[in-house]
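The values are calculated or read from the model by the stated rules, or taken from the named source; none is laboratory data. Keep in mind the model is a prediction, meaning the values are calculated, not measured. Don't worry about glycine lacking a Cβ; one is built from the backbone with ideal geometry, like all the others, and counts go over all protein chains shown. These area figures cover heavy atoms from the full protein model, side chains too; ligands, DNA and RNA do not enter into them. Shrake-Rupley method; radii C 1.70, N 1.55, O 1.52, S 1.80 Å.
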Amino acid sequence: MSVMHGPSKWASLIREEHVHGSLYVDPAIFEAELEKIWYRTWVYVGHASEVPQPNDFVMKSIGPQAVIMTRDSAGRIHLLLNRCSHRGNQLCLTRKGNARSFTCPYHGWSFANDGQLRAVPYPSGYEGVDKGGLGLGRVPRIDSYKGFVFGSFAAQGPSLEQHLGAAREAIDRLVANSPEGEIEITAGFLKHRVKSNWKFLFENETDGYHPQFVHASIFSVADSRIGGLYGAKSTAVTRYLGDGHSENDLRPEFRRMGNRLAWFGTFAEKFPDYVSRMQGAYGADKADQIMIDGTPHIMVFPNLFIAEIQIFVLQAVAVDDTVQHVTALQFKGAPELNRRMRQQTMGSVGSAGFLLADDAEMYERTQRGVQSRDPEWLFLGRGKHRERVDEQGFLVGDVTDEVASRGFWKHYRSLMDAE
Amino acid sequence: MMNAIAEIDETLLREVTRFIFREARLQDDHAYDAWEALWADDGIYWVPANGEGGDPEREMSLIYDNRSRIALRIKQFQTGKRHTQMPRSRLRRIVSNVEILARDADSVRVTANAVVYESNARGETVWPSRNEYLLRRVDGELRMALKKVVLVNNEQPLYTLSFLI
Ligand code: FES
Ligand SMILES: [Fe+2]
């Protein structure tokens with residue numbers, strides 16, 4: 001804050017169109033990111049539909065921290081840390097289940113699924129000890145939007161609503177594709193590990209420049225229409241939504257085509273039940289518009305990537321270790337669509353995916369490549385000269401431009417610079 | 001009588017084992033076309049995630065290919081632009097513990113253990129698994145109607161698995 005200070009460390013690493021390679025490989029920078037980003041800002045944890053019943057729980061994470069997402073008997077969701085408050089033993093080793101309480105196998109302390117310490121064996125040894133102060137650690141702030149549950153390790157700070165900002169509208173657009181206005185996460189996750197820094201993944205998610213090259217193999221044999229959406233002639237745009245979030249907005253292309261469900265590579269005529277339920281729910285005109293526009297392609301800072309038919313949850317584990325947890329989106333009230341969602345997701349993503357295995361290859365190669373001594377900087381200037389502000393005041397560029405990366409780094413710097 | 005049945009079993013086990021060893025070699029050598037020819041027309045290639053695999057029609061699997069998706073997987077390799085296999089992973093696998101679990105007139109259910117050693121630009125990765133086959137006799141030759149690969153470590157985050165497992 002003081003005028004006496006020179007430019008911050010971060011200002012010397014992050015410029016308008018360049019970022020320094022060390023940002024991806026320096027372990028000290030990763031540690032600083034944990035404190036300034038992962039353990040401070042709102043981070044996506046899980047979806048309410050993963051714990052549908054009272055006393056359901058599922059293991060999740062925030063960066064390297066294991067988090068137990070529970071629903072207590074009254075229906076409230078909690079984010080608890082997987083550490084017994086006695087001597088630190090891991091409490092839960094099951095991926096998911098239903099339990100009113102968690103009993104630590106080490107000395108038998110037992111915790112309610114809202115985190116309260118409930119009972120200790122041989123209690124006479126704890127005479128005068130206040131059990132109220134010995135509950136499980138928890139993520140202090142929890143909030144959700146349309147079933148998407150987020151947690152923040154900062155006891156105070158911007159609300160989730162403020163954090164999501166313009167990303168909320170994209171989530172609205174997503175859930176509108178369900179005739180009941182809800183998505184569900186029910187198909188289990190693939191966990192694809194890459195030896196790469198999380199920011200390479202983050203920046204790739206709305207990089208519209210790479211698909212034609214990285215995914216050339218599958219585009220050429222799968223008669224996929226995705227390739228053209230990311231061509232030099234595409235009318236789609238990349239939009240920086242503020243607060244670190246960005247999207248590839250493909251609606252201009254889908255509207256040009258004007259066919260319902262073209263975004264999903266199919267036809268409305270194939271899904272008459274879905275179409276009639278959508279029209280029943282929204283009215284014919286609005287339903288048709290939703291089915292033409294399709295679902296969004298948006299990267300929600302710092303770890304939720306909504307990719308049309310699936311979500312990826314990025315987990316930063318170490319400076320060069322990232323796990324992508326990925327699963328098919330399931331639209332409530334659209335079983336016939338959901339099967340196709342699962343089939344296409346399995347084909348395209350995860351460790352063996354037609355698309356993601358090649359993205360992952362680039363993540364790992366960039367991680368190795370960026371360690372070369374020269375040039376020290378990455379150049380993110382593509383499309384800077386043609387950036388423009390859209391009707392809503394957002395910065396947009398052609399779909400292949402690096403608007404999203406530049407926005408990400410600006411936001412990143414503001415978080416890293418904060419006290 | 002008992003001896004005669006035991007002998008038929010031994011003959012079948014030898015044939016099945018030869019088939020599985022050959023399949024392993026074709027995979028290690030990236031002999032994509034020859035490997036694809038081992039499939040029956042309705043073949044299913046299934047690599048579950050998260051344990052033994054529940055219902056693959058409901059839950060995510062690493063691979064759950066029907067016959068046409070198997071063909072697509074092979075075609076993708078052959079474009080010469082499947083980056084994750086350029087250069088190709090160097091592979092050798094050991095397949096062992098081949099056992100016949102059940103058989104009827106024209107098919108046989110087989111289990112085997114496998115360990116694949118992969119070397120690529122990332123480093124070395126070991127992929128241990130239990131494999132299950134449903135082999136069917138088609139025009140006198142064994143063909144894969146199902147190959148299910150249950151990776152021992154499939155509950156953990158997994159690196160890219162882009163060769164034929
Ligand atoms: S560490 Fe959990 S009861 Fe002792
Ligand atoms: Fe990609």
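Scanning segment B:116-165 for residues that are part of a strand (DSSP E or B), more than 22 Å from B:PHE77 (Cα to Cα) and within 12 Å of chain A (Cβ to nearest Cβ) yields one hit, B:LEU151.
Residue by residue, here is whether (1) within 16 Å of A:SER110 (Cα to Cα); (2) not assigned by TED's automatic domain parsing to the domain that holds A:HIS47 holds:
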{"position": "A:PRO121", "(1), (2)": "yes, no"}
{"position": "A:GLU127", "(1), (2)": "no, no"}
{"position": "A:GLY132", "(1), (2)": "yes, no"}
{"position": "A:VAL139", "(1), (2)": "no, no"}
{"position": "A:TYR145", "(1), (2)": "no, no"}
{"position": "A:GLN162", "(1), (2)": "no, yes"}
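The residue that is surrounded by the fewest Cβ atoms within 10 Å (Cβ to Cβ), among those in segment B:67-110 that are part of a loop (DSSP other than H, G, I, E, B) and either at the interface with another protein chain (Cβ under 9 Å from one of its Cβ atoms) or free of Cβ contacts under 8 Å to residues at least 24 places away in the same chain (or both), is B:ALA105. Taking into account only those residues within segment A:94-125 that are part of a loop (DSSP other than H, G, I, E, B) and within 14 Å of chain B (Cβ to nearest Cβ), which is nearest to ligand 1 (Cβ to nearest atom)? Per the stated criteria, the residue is A:THR94.
Condition check ((1) farther than 24 Å from A:SER217 by Cα; (2) under 21 Å from the mean Cα position of the chain (by Cα); (3) part of a loop (DSSP other than H, G, I, E, B)) across all residues:
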{"residue": "A:GLY333", "(1), (2), (3)": "yes, no, yes"}
{"residue": "A:LEU337", "(1), (2), (3)": "yes, no, no"}
{"residue": "A:ARG342", "(1), (2), (3)": "no, yes, no"}
{"residue": "A:PHE354", "(1), (2), (3)": "no, yes, yes"}
{"residue": "A:ASP374", "(1), (2), (3)": "yes, no, yes"}
{"residue": "A:GLN392", "(1), (2), (3)": "yes, no, yes"}
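Of everything in segment A:201-219, what is within 18 Å of the chain's Cα centre (by Cα) and more than 14 Å from chain B (Cβ to nearest Cβ)? Give them in sequence order. A:PHE202, A:GLU203, A:GLU205, A:THR206, A:ASP207, A:GLY208, listed by residue number. Residues that are within 30 Å of B:ASN154 (Cβ to Cβ) and either away from every other protein chain (no Cβ under 14 Å) or within 16 Å of ligand 2 (Cβ to nearest atom) (or both) occur at least once in segment A:161-176. Scanning segment B:114-133 for residues that are open to solvent by 40 Å² or more (accessible area, probe 1.4 Å) and within 11 Å of the chain's Cα centre (by Cα) gives a single hit, B:ARG130.
Is there any pair with a first residue in segment A:247-264 that is closer than 19 Å to A:GLU205 by Cβ and a second that is open to solvent by 50 Å² or more (accessible area, probe 1.4 Å) and not charged (D, E, K, R) whose Cβ atoms are under 6 Å apart and which are 6 or more apart or on different chains, and what are they? Taking only residues 6 or more apart or on different chains, the pairs are A:GLU253/A:THR235. Looking across segment A:198-225, the residues that are open to solvent by 40 Å² or more (accessible area, probe 1.4 Å), within 11 Å of ligand 2 (Cβ to nearest atom) and free of Cβ contacts under 8 Å to residues at least 40 places away in the same chain come down to A:GLN212, A:PHE213.
In segment A:182-195, is there at least one residue being within 18 Å of the chain's Cα centre (by Cα), more than 13 Å from chain B (Cβ to nearest Cβ) and crowded, with 20+ Cβ neighbours inside 10 Å? Within segment A:182-195, one or more residues are within 18 Å of the chain's Cα centre (by Cα), more than 13 Å from chain B (Cβ to nearest Cβ) and crowded, with 20+ Cβ neighbours inside 10 Å. Regarding segment A:391-405, can at least one residue be identified that is over 20 Å from A:VAL300 (Cα atoms) and free of Cβ contacts under 8 Å to residues at least 12 places away in the same chain? There is at least one residue in segment A:391-405 that is over 20 Å from A:VAL300 (Cα atoms) and free of Cβ contacts under 8 Å to residues at least 12 places away in the same chain. For segment A:270-289, the count of residues that are among the acidic types (Asp, Glu) and closer than 26 Å to A:ALA167 by Cα is nonzero.
Only a single item in (1) in a helix (DSSP H, G or I); (2) at the interface with chain A (Cβ under 9 Å from one of its Cβ atoms) is not met by B:ASP9, and it is number (2). When A:GLY88, A:GLY128 are checked against the criterion of being surrounded by fewer than 19 Cβ atoms within 10 Å (Cβ to Cβ) and either under 20 Å from the mean Cα position of the chain (by Cα) or more than 16 Å from ligand 1 (Cβ to nearest atom) (or both), a single residue qualifies: A:GLY128.
Scanning segment B:28-47 for residues that are assigned to a helix (DSSP H, G or I) and among the hydroxyl-bearing types (Ser, Thr, Tyr) turns up just one, B:TYR32.
For residues that are hydrophobic (A, V, I, L, M, F, W, C) and farther than 25 Å from A:PHE254 by Cα, scanning just segment A:394-419, find the one that is farthest from the chain's Cα centre (by Cα). Residue satisfying both the conditions and the ranking: A:ALA418.
If only residues of segment A:343-361 that are charged (D, E, K, R) and at the interface with another protein chain (Cβ under 7 Å from one of its Cβ atoms) are counted, the one that is nearest to B:GLU57 (Cα to Cα) is A:ASP358.
Considering only residues that are under 22 Å from A:MET341 (Cα atoms), touching a Lys or Arg at 6+ places or on another chain (Cβ under 8 Å) and within 14 Å of chain A (Cβ to nearest Cβ), which ones fall in segment B:22-58? Passing the criteria: B:ILE44, B:TYR45, B:TRP46, B:VAL47, B:PRO48, B:ALA49, B:ASN50, B:GLY53, B:GLU57, B:ARG58. With respect to the conditions (1) assigned to a helix (DSSP H, G or I); (2) touching a strand residue (DSSP E or B) at 6+ places or on another chain (Cβ under 6 Å), A:GLU253 lacks only one, and its number is (2).
The condition of being in contact with a strand residue (DSSP E or B) (Cβ under 7 Å, 6 or more places away or on another chain), open to solvent by less than 20 Å² (accessible area, probe 1.4 Å) and farther than 22 Å from A:TYR145 by Cβ holds for only one of A:PHE57, A:PHE102, that being A:PHE102. When A:ARG413 is tested against (1) part of a loop (DSSP other than H, G, I, E, B); (2) touching a strand residue (DSSP E or B) at 6+ places or on another chain (Cβ under 6 Å); (3) of a type in the set (D, E, K, R), exactly one condition is not met: (1).
Residues of segment A:351-365 that are in contact with a strand residue (DSSP E or B) (Cβ under 7 Å, 6 or more places away or on another chain) and within 8 Å of ligand 2 (Cβ to nearest atom): A:LEU356 alone.
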